[in-house]
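The values are calculated or read from the model by the stated rules, or taken from the named source; none is laboratory data. Please read all numbers here as calculations on a predicted model, not as lab measurements. When we count neighbours, we look across all protein chains shown, and the Cβ atoms used for this are built from the backbone with ideal geometry, even at glycine.
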Amino acid sequence: MRYVIVSGGVLSGLGKGVTASSLGVLLKSLGLRVTAIKIDPYLNTDAGTMSPFEHGEVFVLDDGGEVDLDLGNYERFLDITLTRDNNLTTGKVYANVIEGERRGDYLGKTVQVIPHITNEIQEWIERVAKIPVDGNGAEPDVCVVELGGTVGDIESAPFVEALRQFQFRVGRENVCFVHVSLVPVLGVVGEQKTKPTQHTVKELRGAGITADFLVCRSEKPLEDATKEKLALFCHVAKDHVFSSYDVPNLYHVPLMLEAQGATRLLCEKFGLDMSRERPLMDQWREMTERVDSLEGEVNIAMVGKYTGLEDSYHSVIKALNHSAFSLGVQMRITWVKAGNLEPDAEHDSPEEHAKAWADLKAADGVLVPGGFGIRGIEGKAIAAQYARENKIPYLGVCLGMQVAVIEFARNVLGMEGANSTEFDEKTAHPVVIFMPEGSTTHMGATMRLGSRTTLLQNSGCTAHRLYGGAMEIDERHRHRYEVNPDMIEALEEAGLKFVGRDPEGQRMEIMELDGHPFYFGTQYHPEFKSRPNRPSPPFLGLVQAAVEHMNA
Ligand code: GLN
């Protein structure tokens, strides 16, 4: 097993995840099986309890793990399926060590950060790196380990120390350290400044880790003189300094690193053979060219609680992009703040209200993504109503399907005040109710999480076409509330059909509206399984319908 360890310095948000995934792609192109581990040095056990508006979306895995969104990047770039253990946090490490202490594993010993925490980290990495991820059941050959945060943070220190020790545990020749840093440009002459990188490399070396490669983020490609200076001051060979400059789309990153010799140098480092054909790189090149030459633009209104926070809806945006790219069009996302669609009270100002409506009306399709909490619910229901009545393509994901059902019950079935019991416990028409999988008395661990099977009820539905004729679908879930089974008959009689259900037939998974060009809802979150070359079917359905609407 080889390990590529990616750390970061200067500041967060440098695209360490994309760098790490891209290196993974290069290694995969050599015919190696590549897996990934993301280390998050925070104390939370997982991302499940964290706000997407602070930390970005909570990504959900097949096994129900609620993890950092970087795991989504790995799944998409490397086309793999990860497990909850592929996201290591301080919370998980300490929980294991403390449990072991109580069990008596360390009897007579003082339990300390070194060696107990650092050992736990190393054992974890070695164990998880072996878990098969590409569906063939075979053990991976390479594990990319991304260390979250920046080197020098108090909380990442035990991980940095563990990784320092790790090179001796598995052999220095099997570990490659990659440090991602920033090269800013200052002043009128626009000089590329190397000092921040010098400092962070010094910090890393102080912790006992020598970077094999530097990846320097900058707006423009690094100048030769800059690379030379970095090599001189940072104790790396000049050709081991990679420039990661701004590119029109993400798919360029592996190619950009490849062009600078990254694959060849990784082969040299690990003693690997580079002579074989690498069709993956051709595929990648083709994809990049396609994305660079899109024609036209389809406009999707994304109606959310907050807007403009791209990271909070990361996978949803990816799924929209994958769909648009596969159709050869550019994706334009117009953010509409749900509250601003509401007639009074809730909206920010009359101008914002007018703008929200103008934006909604200008869109070729409407998407209401998942969410929790009452804020913006009425606005989302209004968006669903607008799309339904005006035959605008609509996709509701999780909460987005729930608001569509609520709206339909109120305005078509005349059930005044119909609601989800999440937002109105005493509603006279509870069309969406708490349907936990486990305990009915505890909120904790009652979410329906991860991959579950949906069975299509007939082969004539849109879902059947979108999923390529499959009658059985596996998608990922993250919710507590569902459409009330007692209401199904009334809803279906009025045309809202539940064409996908769980194997027991009790849980409504897919909703479609009769006589509408595309009005589709899923209780599950299809965005998590979207891939660049295999767009998520419901998203592709929305974008396809939006393009048709645009051209009509
Ligand atoms: N809040 C809703 C529920 O728990 C929807 C959740 C979601 O959209 N992920 O069922």
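Of note:
- Selection of first residues in segment 472-497 that are at positive phi and of second residues that are more than 16 Å from the ligand (Cβ to nearest atom) and among the β-branched types (Val, Ile, Thr), restricted to Cβ pairs under 8 Å at least 6 apart or on distinct chains, gives the following pairs, ordered by first then second residue: 495/412.
- Reported count of residues in segment 468-493, each being over 17 Å from residue 519 (Cβ atoms), within 16 Å of the ligand (Cβ to nearest atom) and outside any loop (DSSP other than H, G, I, E, B), is 9.
- Only residues that are more than 29 Å from the chain's Cα centre (by Cα) and part of a helix (DSSP H, G or I) were counted across segment 202-216, and they come to 4.
- Number of the exception - residue 175 against (1) within 28 Å of residue 113 (Cβ to Cβ); (2) over 29 Å from the mean Cα position of the chain (by Cα): (2)
- Checking each residue in segment 298-320 for being more than 16 Å from residue 539 (Cα to Cα) and not hydroxyl-bearing (Ser, Thr, Tyr) picks out 304, 305, 308, 309, 310, 311.
- 3 or more residues of a type in the set (D, E, K, R) and either over 30 Å from residue 368 (Cβ atoms) or free of Cβ contacts under 8 Å to residues at least 60 places away in the same chain (or both): qualifying helices (runs of 4 or more DSSP H) within segment 251-303: 262-270, 279-292
- So residue 197, is it over 14 Å from residue 3 (Cβ atoms) and in contact with a Cys (Cβ under 7 Å, 6 or more places away or on another chain): yes
Rundown of residues vs (1) surrounded by fewer than 24 Cβ atoms within 10 Å (Cβ to Cβ); (2) away from the ligand (no atom under 15 Å from the Cβ); (3) under 20 Å from residue 468 (Cβ atoms); (4) aromatic (Phe, Trp, Tyr), yes/no style:
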{"position": "504", "(1), (2), (3), (4)": "yes, yes, no, no"}
{"position": "513", "(1), (2), (3), (4)": "yes, yes, no, no"}
{"position": "516", "(1), (2), (3), (4)": "yes, yes, no, no"}
{"position": "524", "(1), (2), (3), (4)": "no, no, yes, yes"}
{"position": "531", "(1), (2), (3), (4)": "yes, yes, yes, no"}
{"position": "535", "(1), (2), (3), (4)": "no, yes, yes, no"}
{"position": "552", "(1), (2), (3), (4)": "yes, yes, no, no"}
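- Test for residue 282: is it of a type in the set (Asp, Glu) and surrounded by fewer than 15 Cβ atoms within 10 Å (Cβ to Cβ): yes
- Within segment 494-508, the set of residues being within 17 Å of residue 407 (Cβ to Cβ) and not in a strand (DSSP E or B) comprises 494, 495.
- Given (1) in contact (Cβ under 8 Å) with a residue 60 or more places away in the chain; (2) surrounded by 18 or more Cβ atoms within 10 Å (Cβ to Cβ), index of the condition residue 97 fails: (1)
- Counted residues, segment 391-407 - those being within 19 Å of residue 462 (Cα to Cα), within 16 Å of the ligand (Cβ to nearest atom) and over 28 Å from the mean Cα position of the chain (by Cα): 0
- Exclusive hit being of a type in the set (Lys, Arg), surrounded by fewer than 23 Cβ atoms within 10 Å (Cβ to Cβ) and within 16 Å of the ligand (Cβ to nearest atom), set 410, 465, 388, 452: 452
- Test: residue in segment 340-352 that is away from the ligand (no atom under 16 Å from the Cβ), under 30 Å from residue 475 (Cα atoms) and touching a residue at least 12 places away in the same chain (Cβ under 8 Å): no
- Residue satisfying condition, being under 23 Å from residue 403 (Cβ atoms) and in contact with a Phe, Trp or Tyr (Cβ under 8 Å, 6 or more places away or on another chain), within set 337, 355, 380, 318: 337
- On inspection, residue 109 does not qualify as over 26 Å from residue 10 (Cα atoms), touching a residue at least 40 places away in the same chain (Cβ under 8 Å) and basic (Lys, Arg).
- Matching residues, segment 372-385, being crowded, with 23+ Cβ neighbours inside 10 Å and within 11 Å of the ligand (Cβ to nearest atom): 377, 380
- Flag for residue 72 being in contact with a strand residue (DSSP E or B) (Cβ under 7 Å, 6 or more places away or on another chain), surrounded by fewer than 23 Cβ atoms within 10 Å (Cβ to Cβ) and not basic (Lys, Arg): no
- Counting only helices (runs of 4 or more DSSP H) wholly contained in segment 1-113, the ones carrying 1 or more residues that are of a type in the set (Asp, Glu) occupy 52-55, 70-78, 90-103.
- Filter pass, residue 291 being buried (at least 19 other Cβ atoms within 10 Å of the Cβ), within 30 Å of residue 379 (Cβ to Cβ) and either in contact with a helix residue (DSSP H, G or I) (Cβ under 7 Å, 6 or more places away or on another chain) or modelled with pLDDT of 95 or more (or both): no
- Only residues that are touching a residue at least 40 places away in the same chain (Cβ under 8 Å) and surrounded by fewer than 16 Cβ atoms within 10 Å (Cβ to Cβ) were counted across segment 304-327, and they come to 1.
- Pair list, Cβ < 7 Å and 6+ apart or interchain, from segment 408-428 residues that are in contact (Cβ under 8 Å) with a residue 24 or more places away in the chain to residues that are in a loop (DSSP other than H, G, I, E, B) and within 14 Å of the ligand (Cβ to nearest atom): 423/374
- Scoring residue 122 on the criteria (1) crowded, with 21+ Cβ neighbours inside 10 Å; (2) modelled with pLDDT of 95 or more leaves a single failure, condition (1).
- Look at segment 516-533: where a residue is closer than 22 Å to residue 391 by Cβ and of a type in the set (Val, Ile, Thr) and a partner is more than 12 Å from the ligand (Cβ to nearest atom) and at pLDDT 95 or above, sitting 6+ places away or on another chain with Cβ atoms under 6 Å, you get 522/510; 522/538.
- Of all residues in segment 214-240 being out of contact with any Cys (no Cβ under 7 Å at 6 or more places or on another chain) and within 17 Å of residue 264 (Cβ to Cβ), the one that is surrounded by the most Cβ atoms within 10 Å (Cβ to Cβ): 215
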